[in-house]
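The values are calculated or read from the model by the stated rules, or taken from the named source; none is laboratory data. Not measured: the values here are computed from a predicted model. Quick reminder, even Gly has a Cβ in these numbers, built from the backbone with ideal geometry, and neighbours come from all protein chains shown.
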Amino acid sequence: MSPTPDLSTPKQPELQALLDATVDAVIIIDSRGIVESFNRSGERLFGFTADEIIGRNVSILMTETDRGSHDGYMKRYMTSGVPHIIGIGREVEARRKDGSVFPVFLSVGRIHGADPPRFVGLLHDITLRREAMAAIRRERDRANMYLEMAQVILLALSPDRRVQLINRKGAESLARREMDLLGRDWLEIAVPADQHQAVFKELATVATSQSGEEHYFEHEVLASDGARHLIAWRCIPLRNARQQLTGYFASGEDITESRRSALEAQQTQQRMTQVSRLATMGEMAAGIAHELNQPLAAIANYASAARRLADSLKLEQLDQDGDVKLALEQIGQQALRAGEIIRRLRALVQNREINLEPANINDVVAEVIGFVAGDARLNEVKLVTDYGNALPTGLLDRIQVQQIALNLLRNAIEALIEHRDGQREILIRTSSLNGWLQLEIADNGPGVPAMLIDRIFDPFCTTKVTGTGLGLAISRTIAEAHHGKLTYQGDPQTGARFLLTLPISGE
Amino acid sequence: MTRSVTVFVVDDDDAVRSSLRLLLKSVGLPTVAYASAQEYLAAWHPDQPGCLVLDVRMPGMSGIELQAELNHRGAIMPVIFISGHGDIPMAVEAIQHGAFDFLQKPFRDQDLIDRVQRALASDGENRKLLLQRETLRQRFESLTPREQEVLLLVTQGKANKVMAGDLGVSQRTVEIHRARVMEKMGAQSLAQLVRMMLELESDTPQSRVN
């Protein structure tokens, strides 16, 4: 056996200085685990003095669990010669004199030339590092929690637009799992094809902008279930220290609902404006009705006076085609029509009382056809009338029923002008059925679009650019005030077809 | 002096007034037009037959006010209101105050002409009745007090003999009075005489027949 070198009092002062200066505990043990040397830092870390430790088994510095296995480790190395810790180091638990436990990083070296072998152990206190790591983990967990809890979509993309991070909200919006999204091309997996180009452009803009500069844009995402969500994105470029683009980071808010309700609010607003405009119009009509009706009355009177005077002067020889007579008649009729328009405008703001009187439906309808005949001729619309014979007398408000008929005829003419190039035709038919009168007005146009059929009698439903959408609504109200009905029975093959049902007089 | 049947138009709007005159003239109706209610009232005469076409709203005295004034004066001429406003409450009020009819401007010529002609017919009828009653009254007043006494008794159905007793005269004297009454009243029969008395007693003038 070679003499045991006394390392607690090293021969070289340099070595002693080194051992004392190092912040790690340095312990030398023999092959049985008996401590031969224990430096200053060791005393500081463990609370033992070198005297208390030297000569005792090193396991005194270990926790209960390590203590039993340490001898085994040493025996294994001694017999196999295969090192498990030497030159590698590992984190272990150490035990102070007062019994408290703390983490250390243990490196072990074998002292060469010694037989039986001796070992030197370096123990580095990693309490602070552990705490720092734990703090980092906590922060990371918290950040993850924020990501997951966030009610906005958080998304990080690589420069080639692959998904690098997406939070739960983002995955939910797309109805996909996070793992199915990571690494995928964002455009392909999430953006509808019709918006690829737009999103591509937006990202290109972000890529060329300053880091930290936020860009706002909106586009839809397409979920796996086919649902589309409109997302408002705020996107920044990510850059490395050399200002190279390393990706994109974006937060996205689902604004589908808020946009929809904003749109609805806007529509309501528009309707209100429209209603108030109508009310204003009605009031104006009331205000100017008197002024306007005076000259209209004069026009009508002059025209009919002229017509009668022409009759009495026997001008027929000079007016063989009856053109003068027609012109004079029309002047009067158009003046009456203008008066009727004013009256109807006023009816929009006044709940007119309904004035039911016995009337011949054919006469009522014939008068209205007189109103639109000019319009129809001008637009090459053929008016085909089919008046029922010996119909029962109706019980109705002549003016209001004419308002319905006029409205239906005007709609039909406008529909034909807009849509039909061939023979334009409107059929006007009167009949009676089961004690009711019927007025049918049908055209050979395209009919009411299927998606609108359920709503055409709703106020403000219109297909015309300048329409108020009130015509059919008012018409149906009038029909119901008669205890009658106004229904749409058309189909795309034959065109639009409206059926007005009116009561007959009991007399 | 007999006044000829005339349609009067009162409207402050020159064109309406002029066109109405022309329209009524074209169907052969003599028409006189005034621009205000005051002008019409100044020319008004109770014996003037015809009808009045009256604008509801006019500056100064309105059509409704003119109607009230005419009612106050006991006028019997039918009034057809015309209005550019056509407000229902006003029409109702006018009709309640005896208006013959109400038309909204502009109106169909035939609507006005029909109403004017019905109004003229109604006015003629009323005036004829009034004239008859006036004639009867004049005839009645031309009777002596004794003759009036006899007339009343005759129409009560009393026989000559009874009347002679009542009046304390001879039956012959009663017969002479009776013949004078029949002659002065222009009655052909006792029945006609009774009708005349009923007409006279119903003193409420049939001023408006709607």
Would you check if B:Val154 is farther than 30 Å from B:Val56 by Cα and buried (at least 18 other Cβ atoms within 10 Å of the Cβ)? yes
Filtering segment B:1-32 down to residues that are within 11 Å of chain A (Cβ to nearest Cβ), aliphatic (A, V, I, L, M) and surrounded by 23 or more Cβ atoms within 10 Å (Cβ to Cβ) yields B:Val9, B:Val16, B:Leu20, B:Leu23, B:Leu24
Unique match (being more than 55 Å from the chain's Cα centre (by Cα) and of a type outside the set (S, T, N, Q)) among A:Leu106, A:Leu128: A:Leu106
Taking segment B:91-143 on its own, how many of its residues are within 14 Å of chain A (Cβ to nearest Cβ) and acidic (Asp, Glu)? 3
For segment A:248-258, state whether one or more residues are closer than 20 Å to A:Leu147 by Cα, at pLDDT below 90, over 19 Å from the mean Cα position of the chain (by Cα) and not hydroxyl-bearing (Ser, Thr, Tyr). no
Filter pass, B:Thr173 being more than 14 Å from every other protein chain (Cβ to nearest Cβ), loosely packed, with under 15 Cβ neighbours inside 10 Å and modelled with pLDDT of 90 or more: no
Can you say whether A:Ala132 is at pLDDT 90 or above and surrounded by fewer than 13 Cβ atoms within 10 Å (Cβ to Cβ), as far as the supplied structure shows? yes
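Residues are listed down the side, and each one gets a yes or a no for (1) surrounded by 15 or more Cβ atoms within 10 Å (Cβ to Cβ); (2) closer than 21 Å to A:Arg259 by Cβ; (3) in contact with a strand residue (DSSP E or B) (Cβ under 6 Å, 6 or more places away or on another chain):
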site: A:Gln164; (1), (2), (3): yes, no, yes
site: A:Met179; (1), (2), (3): no, no, no
site: A:Arg184; (1), (2), (3): yes, no, yes
site: A:Leu187; (1), (2), (3): yes, no, no
site: A:Phe200; (1), (2), (3): no, no, no
site: A:His215; (1), (2), (3): yes, yes, yes
site: A:His219; (1), (2), (3): yes, yes, no
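When you check A:His219 against the structure, is it under 23 Å from A:Arg177 (Cα atoms) and part of a strand (DSSP E or B), yes or no? Before you say what the answer is, go through the steps one by one.
Details: under 23 Å from A:Arg177 (Cα atoms): yes; part of a strand (DSSP E or B): yes.
So A:His219 fits the description; yes.
Given the criteria at negative phi, acidic (Asp, Glu) and within 14 Å of another protein chain (Cβ to nearest Cβ), does B:Asp47 qualify? First the steps, then the outcome.
On the way: at negative phi: yes; acidic (Asp, Glu): yes; within 14 Å of another protein chain (Cβ to nearest Cβ): no.
Judged against the criteria, B:Asp47 is not a match.
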Looking at segment A:422-432, is at least one residue at pLDDT 85 or above, over 25 Å from A:Ala473 (Cα atoms) and crowded, with 16+ Cβ neighbours inside 10 Å? yes
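Taking the stated definitions as given, is A:Leu147 under 24 Å from the mean Cα position of the chain (by Cα), modelled with pLDDT of 90 or more and surrounded by 11 or more Cβ atoms within 10 Å (Cβ to Cβ)? First the steps, then the outcome.
Numbers: under 24 Å from the mean Cα position of the chain (by Cα): yes; modelled with pLDDT of 90 or more: no; surrounded by 11 or more Cβ atoms within 10 Å (Cβ to Cβ): yes.
Judged against the criteria, A:Leu147 is not a match.
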Somewhere in segment A:362-370, is a residue modelled with pLDDT under 80, in contact with a helix residue (DSSP H, G or I) (Cβ under 9 Å, 6 or more places away or on another chain) and more than 14 Å from chain B (Cβ to nearest Cβ)? no
Can you spot a residue in segment A:458-476 that is at pLDDT 70 or above, of a type in the set (Phe, Trp, Tyr) and either in a helix (DSSP H, G or I) or out of contact with any Phe, Trp or Tyr (no Cβ under 7 Å at 6 or more places or on another chain) (or both)? no
Counting residues that are of a type in the set (Ser, Thr, Tyr), which helices (runs of 4 or more DSSP H) fully inside segment A:15-85 reach at least 3? A:64-80
Of all residues in segment B:63-85, how many are buried (at least 17 other Cβ atoms within 10 Å of the Cβ) and out of contact with any His (no Cβ under 7 Å at 6 or more places or on another chain)? 13
Can you find a residue in segment A:349-358 that is at pLDDT 80 or above, surrounded by 14 or more Cβ atoms within 10 Å (Cβ to Cβ), closer than 20 Å to B:Ile113 by Cα and touching a Pro at 6+ places or on another chain (Cβ under 9 Å)? no
Residue identified as within 30 Å of A:Gly332 (Cβ to Cβ), free of Cβ contacts under 8 Å to residues at least 12 places away in the same chain and crowded, with 17+ Cβ neighbours inside 10 Å among B:Ala91, B:Ala187, B:Ala164: B:Ala91
Pairs, please: C-beta under 7 Å, at least 6 apart or cross-chain, first residue free of Cβ contacts under 8 Å to residues at least 60 places away in the same chain and in segment A:190-204, second among the acidic types (Asp, Glu) and surrounded by 13 or more Cβ atoms within 10 Å (Cβ to Cβ)? A:Pro192/A:Glu220; A:Gln195/A:Glu220
Scan (1) surrounded by 14 or more Cβ atoms within 10 Å (Cβ to Cβ); (2) of a type in the set (A, V, I, L, M, F, W, C); (3) touching a Ser or Thr at 6+ places or on another chain (Cβ under 8 Å); (4) over 28 Å from A:Leu165 (Cα atoms) for the single condition A:Val104 breaks and write down its number. (3)
